[in-house]
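The values are calculated or read from the model by the stated rules, or taken from the named source; none is laboratory data. These numbers come from a predicted model, not from an experiment. All Cβ positions, glycine included, derive from the backbone under ideal geometry; neighbour counts span all protein chains shown.
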Amino acid sequence: MIAGLVSIVICAYNNWPDVEMTIESALNQSHHPVEVIVVDNSSMDATPEEVPKRFCPAVRYVRQPNRHYAGACNTGFELASGEFIQFVAGDDVLAPNKIEKQVEIFRANPGLDIVYGDVRMFQTLAGVANWTDVESKPEQDYLKAFIDTDEQWTGITALGVLFHRKAIEKVGPWDESMYVEDLDYWLRATWAGCRFGYCAGSPMGFVRLWPGQKTNNKLAMSRGMEAVWEKALGYVTREPYRGLIAANLARSRFYLALTRNQMTTREASAKLALARATSPGTISALAYAAGYATIILPGGFILTRSRRLRPIRWLLARLLRYPIPG
Amino acid sequence: MTPGLVSVVICAYNNWPDVEITIQSALCQSYQLLEVIVVDNSSTDPTPEEVPRRFGRRVRYIRQPNKGCAGAYNVGFAAAQGEFIQFVDGDDVLAPNKIQKQVEVFRANPELDIVYGDVRMFQAAGGAANWTDHAMQPEDDMLKSIAAPPGILLNTLGVLFHRRALEKVGPWDESLYIEDVDYWLRAAWAGCRFGYCSGGPMGFGRLRPGQKSKNSSAMARGIEAVWAKALGYVTREPYRSLLLASIAHWRFYEAISRDKMSKREALAMLALARSTRPETISALDYAVGCLRVILPAGFVRSSWTRVVLRSFIRLFDRNLGYFRRARS
């Protein structure tokens, strides 16, 4: 480890030419020194030719079989020799003073393991902007904040985070089997006792939105969330966190049962029963019955699919206090 | 003038702490041969202490009486040594390779005077996003593209000037509220050649409440002033009639949106729009406009009648694109 050095790990997968700006934003930081490691998950575009040609030796270029974002982070961390680690997806942009601002916070509070801040989103193509930018804030109980969906706090984006090396050593590698690998990492980090610090002020970076992004795949996201909560139940042993996680797990199972995607009626009913068994306090008998009706009745299928029935879905969701997918 | 040098002129007015990221985005460019000039329009926040203290000799700090963006640009340009000039407002962010990309376009096309590219917006605070990002493209006839409705609008943040363009066009007009549209019109009229720089956003523009472009009635008056000024020097056809069509469209839109206007004023504005260029605002358009003005505001604003009105506009009016843009 080299004290004061910041390692910026860029995970690239078919991001040319966007990754050019990402690399430039990492190389041209107001903080010095930085080392930039580009981990290429076997891109099939111009990345393997262009990145070494344009940026080596200023960046270190590593090509590996596609192990997704988590795998690229792990490879990058193995190669990194910095005291602080920054992970960046290959199409996002770091603010010019991002590293400087967050290193200042680490210097002022040496007990911290992870510093996070806000990011803003932007579109690849022009058009109407249609998303919600999250404003994060300091929290008292981070584990509760990550779990408790009622608070609607999703304030940590991997781009806005700077890790101290000791945090990653404490938590261990990113889970390459997870679809929602970042939430899994934040949960494990808080459970392992990492201390989080908040960096206020201007945006720490800009996240690119494009069609076909993995977070746009709603079904895969809810399957991924189910996996995250299921895994979390395996290691979180304290209350009230366990109860909250079980409630989340039950909700995502309920949701998946109702979408009935690639599931027979029988499987969907079994999933629904599993949801109720996971947390009977969350999925009440009434909700269970209503869910069951939408699965087995012929009209129920339309209820979860039709755009026009959205008000009824909304009403049901209000009555049952669960989201009805659609 | 120093060849190859880029002067980044930052216009700051009570932008602390946002201006810090702006200055850093200028200093931390992948193109290294540049100077940064911060022109402070007499900010009353920590800008005058913090900027010289934090950035020292890496930026040139000039404080002046508040003369608006245009005045800051003029002072900045007078102090600039560079071959290329970039103007930035004190809360926007340049993309890290913006200058490099656009200088490459200048090097490849030495006849160009102005290079422009795309800009993306972001919000000062969190919350739901609700705006339209515009896409730029190469234009054959820039004057026509700017003057003709719906008209394209270059964002100063996404533009890099060659020094000779600024010398040719002259200073920014400090008396106008919308100084940029005026500048693009004058530059296109003066025969500046525009080049388009594709690939990636060139910068990020901050959106915040209380921004001057959010003051819709001041913007409306401002754009009128710009058009009126343009009519004074644009003497060639078809640009003059395109300009007149734009003014007619704008007045028509202003009348039917009825922002801070009595019914009587709105009707007078409609009549003015029709008389500006009768070919643009047909009798039918005029009638629909009058109907909309006369009908009670609640009726016009409700979402049900909006559908009817939209189909009306689509049927009879060719101004739809203009309305879309004006609304966003």
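Data overview
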read-out: Residue among B:Val234, B:Val300 that is at pLDDT below 80, surrounded by 12 or more Cβ atoms within 10 Å (Cβ to Cβ) and either within 28 Å of the chain's Cα centre (by Cα) or not assigned by TED's automatic domain parsing to the domain that holds B:Trp189 (or both); value: B:Val300
read-out: Any pair with Cβ under 6 angstrom, 6 or more apart, that starts in the range B:66-82 at a residue that is among the charged types (D, E, K, R) and ends at one that is assigned to a loop (DSSP other than H, G, I, E, B); value: B:Lys67/B:Glu174
read-out: Condition check for A:Gln64: more than 14 Å from every other protein chain (Cβ to nearest Cβ) and touching a strand residue (DSSP E or B) at 6+ places or on another chain (Cβ under 7 Å); value: yes
read-out: Which numbered condition A:Gly212 fails, given (1) assigned by TED's automatic domain parsing to the domain that holds A:Gly111; (2) in a helix (DSSP H, G or I); value: (2)
read-out: Lone qualifier among A:Ala277, A:Ala268 - being modelled with pLDDT of 85 or more and either over 30 Å from A:Ala189 (Cβ atoms) or assigned by TED's automatic domain parsing to the domain that holds A:Trp191 (or both); value: A:Ala268
read-out: Within the range B:21-116, helices (runs of 4 or more DSSP H) holding 1 or more residues that are over 28 Å from A:Phe122 (Cβ atoms) and in contact with a helix residue (DSSP H, G or I) (Cβ under 7 Å, 6 or more places away or on another chain); value: B:68-79
read-out: Which listed residue is surrounded by fewer than 22 Cβ atoms within 10 Å (Cβ to Cβ), away from chain A (no Cβ under 14 Å) and of a type in the set (A, V, I, L, M), from B:Leu207, B:Leu166, B:Leu143, B:Leu176; value: B:Leu176
read-out: Test: residue in the range A:278-297 that is closer than 30 Å to A:Gly172 by Cα and surrounded by 14 or more Cβ atoms within 10 Å (Cβ to Cβ); value: yes
read-out: Residues satisfying the stated conditions in the range A:21-33, i.e. crowded, with 24+ Cβ neighbours inside 10 Å, more than 7 Å from chain B (Cβ to nearest Cβ) and not polar (S, T, N, Q); value: A:Ile23, A:Ala26
read-out: Selection count where residues are surrounded by fewer than 16 Cβ atoms within 10 Å (Cβ to Cβ) and touching a residue at least 12 places away in the same chain (Cβ under 8 Å), scope the range A:34-49; value: 4
read-out: Residue tally, condition within 13 Å of chain B (Cβ to nearest Cβ) and surrounded by 23 or more Cβ atoms within 10 Å (Cβ to Cβ), over the range A:103-121; value: 4
read-out: Condition met for A:Ser202 (under 27 Å from A:Met121 (Cα atoms), among the polar types (S, T, N, Q), crowded, with 16+ Cβ neighbours inside 10 Å and within 14 Å of another protein chain (Cβ to nearest Cβ)); value: yes
read-out: Criterion violated by A:Thr215 - all others in (1) within 19 Å of A:His68 (Cβ to Cβ); (2) surrounded by 14 or more Cβ atoms within 10 Å (Cβ to Cβ) satisfied; value: (2)
read-out: Residue match in the range A:151-161 (condition: of a type in the set (Val, Ile, Thr), assigned to a loop (DSSP other than H, G, I, E, B), out of contact with any strand residue (DSSP E or B) (no Cβ under 7 Å at 6 or more places or on another chain) and at pLDDT below 90); value: yes
read-out: Residue ID - farthest from B:Ser30 (Cα to Cα), chosen from residues in the range A:73-102 that are within 14 Å of chain B (Cβ to nearest Cβ) and hydrophobic (A, V, I, L, M, F, W, C); value: A:Val88
read-out: Only listed residue being touching a residue at least 40 places away in the same chain (Cβ under 8 Å) and basic (Lys, Arg), chosen from A:Arg54, A:Arg67, A:Arg63; value: A:Arg67
read-out: Selection count where residues are surrounded by 22 or more Cβ atoms within 10 Å (Cβ to Cβ), within 24 Å of A:Ala26 (Cα to Cα) and over 13 Å from the mean Cα position of the chain (by Cα), scope the range A:168-192; value: 1
read-out: B:Pro150, sole failed condition from (1) outside any loop (DSSP other than H, G, I, E, B); (2) assigned by TED's automatic domain parsing to the domain that holds B:Phe122; (3) in contact with a helix residue (DSSP H, G or I) (Cβ under 6 Å, 6 or more places away or on another chain); value: (1)
read-out: Matching entry among B:Val88, B:Val9 (being hydrophobic (A, V, I, L, M, F, W, C) and either in contact with a His (Cβ under 7 Å, 6 or more places away or on another chain) or within 14 Å of chain A (Cβ to nearest Cβ) (or both)); value: B:Val88
